[in-house]
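Peer 1: Below you will find the structure I want to go over with you.
The values are calculated or read from the model by the stated rules, or taken from the named source; none is laboratory data. Remember, it's a predicted structure, so these values are computed and weren't measured experimentally. Heads up, the Cβs are rebuilt from the backbone with ideal geometry, glycines too, and the neighbour counts pull from every protein chain shown. These area figures cover heavy atoms from the full protein model, side chains too; ligands, DNA and RNA do not enter into them. Shrake-Rupley method; radii C 1.70, N 1.55, O 1.52, S 1.80 Å.
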Amino acid sequence: MDTAELEVAAETTRDLLGPATIWHVNSTAAGGGVAEILRSLLGYSRGSGLDTRWLVVAGEERFFQVTKRLHNGLHGNEGDGGPLAGAERDHYSAVLAAAADGLRSVVDAGDIVVLHDPQTAGLVPAARAAGATVIWRCHIGTDESNRLVERSWRFLARDVRAADAVIFSRASHVPPFLRDRARIIPPSIDPLSPKNIELDDPSILAILHRVGVVAGSPLSGWARFVDRFGSVRSVESVAEIVRDGPAPDADTPLVVQISRWDRLKDMDGVMAAFAAAVAPATGANLALVGPSVTGVSDDPEGAEVYHDCVERWRALPDAARGRIQLVCLPMADLDENGAIVNALQRHAAVVVQKSLEEGFGLTVTEAMWKARPIVASRVGGIQDQIVDGDHGLLIDDPTDLDACGAAVCTLLGDPSLADRLGRAARQRVISDYLTARHLVRYAELFADLRTGEAMAAGC
Ligand code: UDP
């Protein structure tokens with residue numbers, strides 16, 4: 001999209017909303033995709049002259065235990081297996097009652113309140129009572145409902161039914177009882193964030209050399225990147241890397257999957273497919289990359305999945321093991337982490353996202369933006385982003401290791417195909433998945449809701 005479209009949408013929304021404020025409410029200021037998206041959206045929205053603000057709901061351990069159960073349930077997963085009954089409901093409501101007081105003290109009639117995910121769903125009635133137009137946005141979901149999905153919806157239904165509109169990333173995530181008010185708005189990436197901003201080749205190599213993923217070359221210079229405040233900084237940290245021998249040199253084609261250490265991302269499957277089919281047939285190396293698992297107290301599963309992956313790597317035959325590295329990225333400085341992810345994605349000869357399930361799949365969007373050739377599973381939002389053979393190659397059965405290995409070999413062996421897919425992928429992101437487009441979609445929803453309100457009021 002061009003900037004003129006954004007300017008028109010911003011002007012229309014300014015006229016429509018007058019002095020009203022747009023409030024976004026979630027439960028964390030940093031960490032996780034929602035916080036990352038909100039940070040960018042807020043910048044663009046306020047820069048467009050819209051009074052947009054962000055509130056964070058304070059919770060505590062038991063509250064987040066309950067909301068994590070809701071979260072896992074909406075993904076169709078058991079999670080910690082705990083109940084979601086009357087006691088949990090009472091605790092959830094009690095914590096949000098305090099947040100509701102805070103919300104009522106700042107929200108005026110006519111404002112727009114966008115509540116994000118199950119953690120804030122219980123605030124819908126309070127925001128309505130304050131006279132605001134209320135939107136609840138659900139960033140998670142699964143294509144196939146089951147009893148756990150239904151259990152979470154039973155918990156949330158009364159609150160979210162009271163919203164004027166609900167937003168989902170995919171149509172298949174919308175439960176039947178919300179279809180009358182659902183809008184599909186996919187997430188977006190910020191082209192100017194450290195993770196996505198342009199990086200020149202010397203900086204890419206210098207960053208990868210600095211963190212230890214690629215061997216140094218005479219070209220290796222200053223590992224510089226632009227942080228989110230616009231300052232030029234350098235990557236100082238190193239990654240924790242499990243590898244046999246020295247880092248591959250810069251000319252070795254690198255196949256990369258970047259994911260949280262989560263079983264549904266199937267890092268093991270990528271490793272097995274690479275070892276069986278790609279290593280014997282090509283000169284490529286593989287990097288499996290995720291966040292550091294040391295000191296991350298709230299994600300014990302991440303450490304477990306990573307350690308299992310290391311065990312499987314150790315059990316590989318020498319020849320394959322020597323071509324694979326497991327990389328844990330430093331997370332203390334999120335801008336620096338973003339710059340490292342950026343460099344890895346730009347350096348990758350092929351990006352893989354072999355998820356067994358996926359909500360939307362921002363790692364895919366990020367790689368598409370960088371015009372990378374991609375091999376990904378045909379699951380969740382990945383299939384909304386990639387048309388097989390046009391913007392990347394999709395694996396129909398996400399457990400099919402042969403198909404995954406063959407697709408990676410195809411892209412490594414056919415640079416003109418890789419180039420064509422990468423260019424088309426970037427164009428798709430430009431037209432559909434950048435922050436400016438996201439803002440226009442919100443503006444359209446606000447306009448529809450205001451028109452509906454005016455009609456209901458008989459104006
Ligand atoms: N990510 C990161 N560092 C890592 C691994 C992942 O910054 O070491 C980021 C990745 O770039 C993406 C997000 O985490 O922006 C993952 O989002 P996605 O939608 O792909 O999957 P999710 O983790 O939400 O299931």
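Peer 1: Could you please let me know if Ala100 is farther than 28 Å from Arg228 by Cβ and either without any contact (Cβ under 8 Å) to a residue 60 or more places away in the chain or open to solvent by 50 Å² or more (accessible area, probe 1.4 Å) (or both)? I'd like the intermediate steps shown before the answer.
Peer 2: Numbers: farther than 28 Å from Arg228 by Cβ: yes; either without any contact (Cβ under 8 Å) to a residue 60 or more places away in the chain or open to solvent by 50 Å² or more (accessible area, probe 1.4 Å) (or both): yes.
In short, yes.
Peer 1: Report those strands (runs of 3 or more DSSP E) wholly inside the range 239-291 carrying at least 3 residues which are within 16 Å of the ligand (Cβ to nearest atom), open to solvent by 20 Å² or more (accessible area, probe 1.4 Å) and within 25 Å of Glu301 (Cβ to Cβ). Explain how you work it out, then say what you get.
Peer 2: On the way: elements: 240-242, 254-258, 285-291.
In the range 239-291, the matching strands (runs of 3 or more DSSP E) lie at 240-242.
Peer 1: Now a separate question. Look at Asp80 and say whether it is at pLDDT below 90, surrounded by fewer than 17 Cβ atoms within 10 Å (Cβ to Cβ) and more than 21 Å from the chain's Cα centre (by Cα). Don't jump to the end; show me each part of the working.
Peer 2: Details: at pLDDT below 90: yes; surrounded by fewer than 17 Cβ atoms within 10 Å (Cβ to Cβ): yes; more than 21 Å from the chain's Cα centre (by Cα): yes.
Here the answer is yes, as Asp80 does meet what is asked.
Peer 1: Against the condition open to solvent by 50 Å² or more (accessible area, probe 1.4 Å) and either away from the ligand (no atom under 16 Å from the Cβ) or modelled with pLDDT of 95 or more (or both), how does Asp432 come out, does it pass?
Peer 2: Working: open to solvent by 50 Å² or more (accessible area, probe 1.4 Å): no; either away from the ligand (no atom under 16 Å from the Cβ) or modelled with pLDDT of 95 or more (or both): yes.
No: the conditions fail for Asp432.
Peer 1: Oh, and also: Which count do you get for residues in the range 350-366 that are within 11 Å of the ligand (Cβ to nearest atom) and either under 17 Å from Asp432 (Cα atoms) or part of a loop (DSSP other than H, G, I, E, B) (or both)?
Peer 2: The qualifying residues number 11.
Peer 1: If a residue must be touching a Pro at 6+ places or on another chain (Cβ under 9 Å) and within 12 Å of the ligand (Cβ to nearest atom), how many such residues does the range 378-391 contain? Steps first, answer last, please.
Peer 2: Keep residues of the range 378-391 that are touching a Pro at 6+ places or on another chain (Cβ under 9 Å), which gives 378-379, 381, 384-385.
Restricting the remaining residues to those that are within 12 Å of the ligand (Cβ to nearest atom) gives 379, 381, 385.
Qualifying residue count for the region: 3.
Peer 1: Quick check: is even one residue across the range 314-322 buried (at least 24 other Cβ atoms within 10 Å of the Cβ) and not small (Gly, Ala, Ser)? Step through it out loud before you land on a result.
Peer 2: Filtering the range 314-322 for residues buried (at least 24 other Cβ atoms within 10 Å of the Cβ) gives none.
Scanning the range 314-322, I find no residue that is buried (at least 24 other Cβ atoms within 10 Å of the Cβ) and not small (Gly, Ala, Ser), so the answer is no.
Peer 1: Looking at (1) crowded, with 22+ Cβ neighbours inside 10 Å; (2) within 13 Å of the ligand (Cβ to nearest atom); (3) not hydroxyl-bearing (Ser, Thr, Tyr), which one does Ile395 not meet, given that it meets all the others?
Peer 2: It is condition (2) that Ile395 fails.
Peer 1: Which ones in the range 160-171 are in a helix (DSSP H, G or I) and open to solvent by 10 Å² or more (accessible area, probe 1.4 Å)?
Peer 2: Of the range 160-171, the ones in a helix (DSSP H, G or I) are 160-161, 171.
If the condition is that a residue be in a helix (DSSP H, G or I) and open to solvent by 10 Å² or more (accessible area, probe 1.4 Å), then Arg161, Ala171 are the ones that fit.
Peer 1: Let me ask you something else. Go over the candidates Ala367, Ala457 one by one and state the one that is among the small types (Gly, Ala, Ser) and crowded, with 24+ Cβ neighbours inside 10 Å. Talk me through it step by step, then tell me what you get.
Peer 2: Details: Ala457 fails: crowded, with 24+ Cβ neighbours inside 10 Å.
Selected residue: Ala367, the only one of Ala367, Ala457 that is among the small types (Gly, Ala, Ser) and crowded, with 24+ Cβ neighbours inside 10 Å.
Peer 1: Could you figure out which of (1) hydrophobic (A, V, I, L, M, F, W, C); (2) more than 23 Å from Ile241 (Cα to Cα); (3) under 17 Å from the mean Cα position of the chain (by Cα) isn't true of Ile340?
Peer 2: (2)
Peer 1: Only residues that are within 30 Å of Lys354 (Cα to Cα) and either surrounded by 16 or more Cβ atoms within 10 Å (Cβ to Cβ) or out of contact with any helix residue (DSSP H, G or I) (no Cβ under 7 Å at 6 or more places or on another chain) (or both): list them for the range 213-225, please.
Peer 2: Step one: list which residues in the range 213-225 are within 30 Å of Lys354 (Cα to Cα), which gives 213-216, 223, 225.
Residues satisfying the conditions are Val213, Val214, Ala215, Ala223, Phe225.
Peer 1: Report, by residue number, each residue of the range 132-154 that is among the basic types (Lys, Arg) and open to solvent by 10 Å² or more (accessible area, probe 1.4 Å). Even if it seems obvious, please write down each step before you answer.
Peer 2: Here is the first cut: in the range 132-154, the residues among the basic types (Lys, Arg) are 137, 147, 151, 154.
Correct list: Arg147, Arg151, Arg154.
Peer 1: Within the range 333-346, can one find any residue that is of a type in the set (Gly, Ala, Ser) and assigned to a loop (DSSP other than H, G, I, E, B)? If you could, list the steps in order and put the result at the bottom.
Peer 2: Applying the first criterion (of a type in the set (Gly, Ala, Ser)) to the range 333-346 yields 338-339, 343.
Adding the requirement that they be assigned to a loop (DSSP other than H, G, I, E, B) leaves none.
No: zero hits.
Peer 1: If we keep just the residues of the range 1-39 that are in contact with a strand residue (DSSP E or B) (Cβ under 8 Å, 6 or more places away or on another chain) and assigned to a helix (DSSP H, G or I), which is farthest from Gly230 (Cα to Cα)? Show your work before the answer.
Peer 2: The initial filter retains those residues of the range 1-39 that are in contact with a strand residue (DSSP E or B) (Cβ under 8 Å, 6 or more places away or on another chain), namely 1, 17, 20-29, 34-35, 38.
From the residues that got through so far, the ones that are assigned to a helix (DSSP H, G or I) too are 17, 34-35, 38.
Working: Leu17: 31, Val34: 22, Ala35: 19, Leu38: 18 Å.
Within the range 1-39, the match that is farthest from Gly230 (Cα to Cα) is Leu17.
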